[in-house]
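Everything below concerns the one structure shown next.
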Amino acid sequence: MLGERYASIKEAAQSRSAQGLRRPAYLLSGLLECGTCGGTYAVVVGDRYGCVGHHRSRSCTNNRTIRREELERRALAGIADRLVSADKIEAAVAAYANHINRENRERRIQVDADRRALARVDKAVAGIMAAIEDGLYQPSMKARMAELERERQEINARLAQAPQDVPDVHPGIAEIYKRKVAALTETLEDPNTRLDASSDIRSLVGKIVLHPGERRGEVHATLHGSLMGVLDFVNDNPQPDADRVITKGSSGSPG
């Protein structure tokens with residue numbers, strides 16, 4: 001099961017890396033999700049975003065649209081407020097680094113111990129076989145060989161299921177994060193360079209879910225951030241996925 005998990009992790013990381021090579025048409029392209037049906041939100045008419053399921057196939061009841069510039073303004077404000085400048089994200093990055101590095105140490109200790117134990121088993125088996133070849137066989141050797149074989153199988157199973165190496169996280173990652181955030185904020189403030197920051201936006205934001213509000217034309221937007229995405233943003237390279245840390249910020253305005 002662990003092998004399958006890490007295979008999917010590698011595939012997700014490679015996919016995210018490939019996506020980063022393609023520059024989106026708009027700042028939020030590919031990040032928007034309908035809160036009613038879970039489908040895609042995209043430009044459906046003019047410069048307005050809407051649920052593709054509703055506007056193209058009537059498979060969704062969410063008929064709300066919102067101007068692209070309005071949604072980008074609200075999304076960038078949410079990123080700056082909740083994903084960029086929030087102290088808790090810096091603390092989360094540092095805590096995650098400590099967690100990953102501690103798990104790496106524990107995993108390596110276990111793997112080393114298993115390999116030493118396997119060497120001892122192999123040495124014991126070789127000793128028994130040598131004794132048998134020298135004519136020193138005893139009935140108790142059969143039971144001992146069976147015990148050693150069971151131990152060998154258990155150790156090999158643990159080694160086969162051991163997760164692949166995950167790079168240690170640099171202890172100064174929180175400080176690196178702060179510096180990159182400052183550079184990103186400067187890029188986002190300039191409309192001429194804003195689209196250049198799209199890959200960094202995708203590192204910080206997993207998705208933006210749009211829900212229809214109670215009032216006519218009202219649309220609520222919720223940002224979902226990924227801690228592993230934050231590490232992508234800091235390291236300039238895709239990391240394996242981790243459990244998502246969701247940062248919510250919703251507000252309603254006619255759209």
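No value in this document is a laboratory result; all are computed from the given coordinates. Just so you know, these numbers come straight off a predicted model, no measurement behind them. All Cβ positions, even for glycine, are placed from backbone atoms using ideal geometry, and neighbour counts span all protein chains on display.
Computed log10 I(q)/I(0) for the stretch 106-161 at 0.20 Å⁻¹: -0.72, from the Debye equation with unit scatterers placed on every C-alpha and solvent omitted.
Could you compute the FRET efficiency for ALA183 and ARG67, with r as their C-beta to C-beta distance and R0 at 25 Å, rounded to 0.05?
Details: r = 28 Å, r/R0 = 1.13.
With a Förster radius of 25 Å, E is 0.35.
Modelled this way, with points 7 Å down the Cα-to-C-beta line, the labels at ALA146 and ASN192 are 8.2 nm from one another.
Applied to the stretch 146-151, the Karplus parametrisation 6.51 cos²θ - 1.76 cosθ + 1.60 on θ = phi - 60° returns per-residue 3J(HN,Hα) values of 5, 5, 5, 5, 4, 5 Hz, with x for Gly and Pro.
Sequence-ordered 3J(HN,Hα) estimates for the stretch 32-38 from the Karplus curve with 6.51, -1.76 and 1.60 and θ = phi - 60° stand at 8, 9, 6, x, 8, 10, x Hz, glycine and proline given as x. Ordering MET145, MET129 from the fewest to the most neighbouring beta carbons within 10 Å gives MET129, MET145.
Each residue in ARG74, ARG48, ARG115 was given a count of other beta-carbon atoms within 10 angstrom of its own, and listing them fewest first yields ARG115, ARG48, ARG74. A cut-off of 5 Å between modelled amide H atoms, ignoring neighbours fewer than 5 places along the same chain, links VAL219 with GLY213, SER253, GLY255. For the peptides 66-72, 56-62, residues were scored by their other Cβ atoms within 10 Å and the scores averaged per peptide; the highest-first order is 66-72, 56-62. In this calculation the C-beta distance from ARG108 to TYR137 is compared with R0 = 45 Å, giving a FRET efficiency of 0.65.
Counting other Cβ atoms within 10 Å, which trypsin sites (Lys or Arg not before Pro) in the stretch 173-216 have at most 10 and lie in a DSSP loop? Write out the running numbers ahead of the final one.
On the way: sites: LYS178, ARG179, LYS180, ARG194, ARG202, LYS207, ARG215, ARG216; in loops: ARG215, ARG216.
Sparse-neighbourhood loop trypsin sites (Lys or Arg not before Pro): ARG215, ARG216.
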